[in-house]
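Since every read-out is calculated from the coordinates, none of them should be taken as a lab result. Since the structure is predicted, the reported quantities are computational estimates derived from the model, not experimental observations. A quick note on method: Cβ atoms are made from the backbone with ideal geometry, for glycine too, and the neighbour counts reach across all protein chains shown.
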Amino acid sequence: MILFFALCFFGVAIAGATAFAIFWPLTLVHIRDRHAGSAADFGSGAFLDPGALRWLLGGGYRALGDRSLSGLATPARVALTTLLLGLSLAGLLWLAAELLA
């Protein structure tokens, strides 16, 4: 039963990864097009850049005051949080199943 729930959390992580793969590139393009030269300009290759992901998780997009950017970055932030939380919980449940077996 524990492994079933681990698999369910892994499925939640996949859903988060899918949403992240949709909203994060749109957010990066919006930043590049409308906020060029600002502190939020991460350059090329920012998709998995730790600084860019930290900026997203920290809600740094709110400081720019762009409602359109917030509308793209908020779902990306929720998706990244869902991805990380789903993988963490699936890993913990898998570890618990291994230790209890």
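Backbone N atoms of the range 51-94 closer than 12 Å to the 7 Å Cα→Cβ label point of Arg34 belong to residues 62, 64-74. When the Cα positions of Ala6, Leu100, Ser68 are compared along the charge dipole of the chain, Ser68 comes out farthest toward the positive end, with charges on each C-beta of Lys, Arg, Asp and Glu. Think of each Lys and Arg Cβ as +1 and each Asp and Glu Cβ as -1; about the Cα centre, that makes the dipole of the range 1-72 roughly 120 debye. The GNM of the chain, with springs linking C-alpha atoms under 10 angstrom apart, assigns the highest mean-square fluctuation among Ala73, Ala63, Ala21 to Ala63. Calculated mean residue ellipticity at 222 nm for the chain: -26500 deg cm²/dmol, from DSSP H runs with n ≥ 4 weighted as -39500 (n - 2.57), summed, divided by the residue count and rounded to 500.
Shown here are the Rg and Dmax of the Cα trace of the range 2-100, at 15.9, 54 Å. Put a dot 7 Å past each Cα toward the Cβ at Met1 and Leu99; how far apart are the dots in nm? Simple spin-label model gives 1.9 nm for this pair. Normalised by the number of residues in the chain, the average gap of Cα pairs under 8 Å and 6 or more apart makes the relative contact order 53 percent.
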